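A short worksheet on the structure shown next.
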Amino acid sequence: MTYWPWWAGAVGLALVTIAFTLATDRTLGVSGAWERVLHWREERNRERVEARFTDDRALADLLAAATAEEFGTRHPAPGTPGADLPVGPPVEEAPRAPKRPAPVVTQAALLVSILVGGWLAAVVSGQFELRLDMGAAFSEIVTDNPVTMVLALFAGGIMVGFGTRLAGGCSSGHGLSGCGRLNPVSLLATAVFFGTAVVVSFLLWKVI
Amino acid sequence: MRTRGALLAANIVGGLALGFTVSRIGFGDYGELNRMFTFQDLRMFLAFAGAVAIIAVAFALLRVRRNPGRIHAGVVPGAVLFGTGWAISGGCPAIPIIQVGAGYLPALVTIAGIALGVWLCRWTNGRFLRLDRGSCGV
């Protein structure tokens with residue numbers, strides 16, 4: 001099997017991550033997409049509430065503008081009642097709200113597109129083949145028993161799902177985007193998950 | 001502010017490109033993955049590390065803002081779990097998807113496991129762990 005040389009892979013992964021970040025102004029993160037798509041009901045409700053909240057804020061802004069137009073924004077002239085009241089310090093601008101996540105439907109589209117992209121890659125390279133095993137290396141290193149294979153994949157999957165969400169990201173969110181931003185939390189997470197995978201892979205290869 | 005349609009288009013194009021690239025690097029191939037993690041073959045490791053280096057330079061030049069992510073209690077245990085699961089199943093959250101795309105039907109089991117794990121994380125956190133922002137999608 002022939003795969004891309006390392007530099008082509010590096011350029012490809014970097015281009016995808018950089019273009020996605022610039023186009024969406026958001027972090028490319030696959031485990032986060034899983035998280036939100038699997039909790040789509042709650043996420044849809046949250047989106048609805050937030051949409052209403054923006055409407056309310058827009059209404060308040062409009063009312064404020066209309067009031068200012070009607071009555072002016074100037075302070076009352078000296079002598080008028082209320083003019084001598086101490087004026088408080090100017091209200092500080094509210095801290096910027098955290099960026100809203102992309103709509104949940106776009107994250108579902110991301111997952112489906114990854115499937116189509118993977119399928120295209122397999123077809124183009126002549127590697128597409130419907131099969132009931134995980135390849136010769138998996139049979140050799142992990143197990144060649146189909147029942148054990150299913151159990152190992154399921155257990156491993158649970159660890160991946162639980163672990164990535166507990167850590168707040170996976171190889172795309174922490175690994176590519178987070179390390180690319182030099183976020184301390186992402187550098188730590190990437191070092192730990194990569195180091196653990198190295199240890200477990202050696203155990204599987206040499207010991208078990 | 002990005003419109004919904006623009007975000008949708010970017011996610012579709014990004015997903016296609018990501019799935020294609022990750023698959024053509026060989027991340028869906030368990031043998032390649034094990035050889036990377038045991039340092040028998042540094043090709044995929046260099047692809048990943050090289051990508052991080054290019055991204056870091058590009059983000060610095062483009063002044064992409066950092067995320068104010070804190071190191072919270074879930075980072076280390078979560079990453080240990082993730083690394084273990086990745087080494088065993090060969091799947092980070094995107095890989096089983098491209099494996100299914102390449103015809104490896106058992107990867108559907110990995111996807112089911114990931115779905116259960118993601119769901120369990122939020123459930124357990126709400127009930128028992130009570131970690132704050134950054135963990136389990138809170």
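The values are calculated or read from the model by the stated rules, or taken from the named source; none is laboratory data. For clarity, every value in this text was computed on a predicted model and none was experimentally measured. Virtual Cβ from ideal backbone geometry, glycine too; neighbours counted across all protein chains shown. Please note that ligands, DNA and RNA were not included when accessible areas were found on the heavy atoms of the full protein model with its side chains. Shrake-Rupley method; radii C 1.70, N 1.55, O 1.52, S 1.80 Å.
Observations on the structure shown:
- Along chain A, counting only trypsin sites (Lys or Arg not before Pro) with a DSSP assignment other than H, G, I, E or B and at most 13 other Cβ atoms inside a 10 Å radius, the longest segment between sites is A:100-208.
- Peptide A:125-135 has a mean of 5 when you count, residue by residue, the C-beta atoms of other protein chains within 10 Å of its C-beta.
- For the stretch B:38-81: span of alpha carbons on each principal axis (Å, largest first): 36, 33, 7
- Prolate/oblate/rounded label for the stretch B:1-66 (Cα gyration tensor, a/c 1.5): oblate
- Cα shape, chain B, gyration tensor, a/c 1.5 rule: rounded
- Computed on protein heavy atoms with a 1.4 Å probe, the accessible areas place B:111, B:98 in the order B:111, B:98, largest first.
- Span-like helix ranges in chain B, DSSP H, alpha carbon extent 18 angstrom or more, Kyte mean at least 1.0: B:4-25, B:43-62, B:75-89, B:107-124
- Here the stretch A:95-203 is assigned +1 on the Cβ of each Lys and Arg and -1 on the Cβ of each Asp and Glu. Its dipole about the Cα centre then comes out at about 800 debye.
- Per-residue ³J(HN,Hα) for the stretch B:97-104, Karplus 6.51 cos²θ - 1.76 cosθ + 1.60, θ = phi - 60°, Hz, x for Gly and Pro: 5, 6, 5, 4, x, 8, x, 6
- Burial order of peptide ranges A:113-120, A:140-147 (average beta-carbon count within 10 Å, highest first): A:113-120, A:140-147
- Peptide A:38-46, shielding by other chains (average Cβ, 10 Å cutoff): 2
- Computed over chain A, the ratio Rg/Rh where both radii use C-alpha atoms and Rh is Kirkwood: 1.18
- Within 10 Å of each Cβ in A:171-182, the average number of Cβ atoms from other chains: 6
- Loop trypsin sites (Lys or Arg not before Pro), the stretch B:1-34 (other Cβ atoms within 10 Å of the site Cβ: 16 or fewer; DSSP): B:2
- Positive-end ranking of B:51, A:103, A:13 along the dipole of the protein assembly as shown, with charges on Cβ about the Cα centre, is headed by B:51.
- Estimated [θ] at 222 nm from DSSP helical runs (n ≥ 4, -39500 (n - 2.57)) normalised by residues in the protein assembly as shown, nearest 500: -21000 deg cm²/dmol
- The stretch B:14-81-the stretch A:163-198 distance, computed between alpha-carbon centres (Å): 8
- Inter-site label distance for residue A:19 and residue A:68 at 7 Å from Cα along Cβ, in nm: 4.2
- Peptides ranked, highest mean first, by Cβ atoms within 10 Å: ranges A:61-67, B:16-22: B:16-22, A:61-67
- Principal-axis analysis of the Cα atoms of chain A puts helix A:104-124 at an angle of about 30° to the longest axis.
- Using only side-chain charges placed at the Cβ, +1 for Lys and Arg and -1 for Asp and Glu, the dipole size of chain A relative to its Cα centre rounds to 380 debye.
- Angle between chain A longest axis and helix A:184-202 axis [Cα atoms, degrees, rounded to 10]: 10
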